[in-house]
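Chemist: Got a structure here, written out as structure tokens. Questions coming.
Here, each number is a calculation from the coordinates, and none is a lab measurement. Computed from a predicted structure; not experimentally measured.
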Amino acid sequence: MGVRLLLARPLPGTVGEARRVTHVFPEPGGDAAQLDAYCGASFGAGELELLDGIRGMPCEPCLLLAPPPDGQLDGGAGCPDA
């Protein structure tokens with residue numbers, strides 16, 4: 001099984017609107033006081049809005065560095081093998 005991923009962005013007022021991008025995080029093992037995104041950004045408790053999908057602008061470094069959903073890249077863009 002692959003890594004479970006969380007999507008979250010900073011709450012309004014914690015950063016400027018232009019920096020409220022959707023980050024990708026590995027799911028923490030327990031009660032984490034801090035979450036570290038794949039891009040290296042760190043957030044403390046109460047600073048993030050958990051999301052059920054990407055909202056607004058995504059963090060491009062997070063998208064590049066996060067593992068693919070099933071641990072494999074789909075070179076066929078979702079097309080089944082012929």
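Chemist: Per residue and in Å³, how big is the convex hull formed by the alpha-carbon atoms of segment 5-65?
Modeler: Roughly 78 Å³ of hull volume per residue.
Chemist: Taking only C-alpha pairs under 8 Å that are 6+ residues apart, what is the relative contact order of segment 5-65 in percent?
Modeler: Values: 98 pairs, mean separation 24.4, N = 61.
Reported relative contact order: 40 percent.
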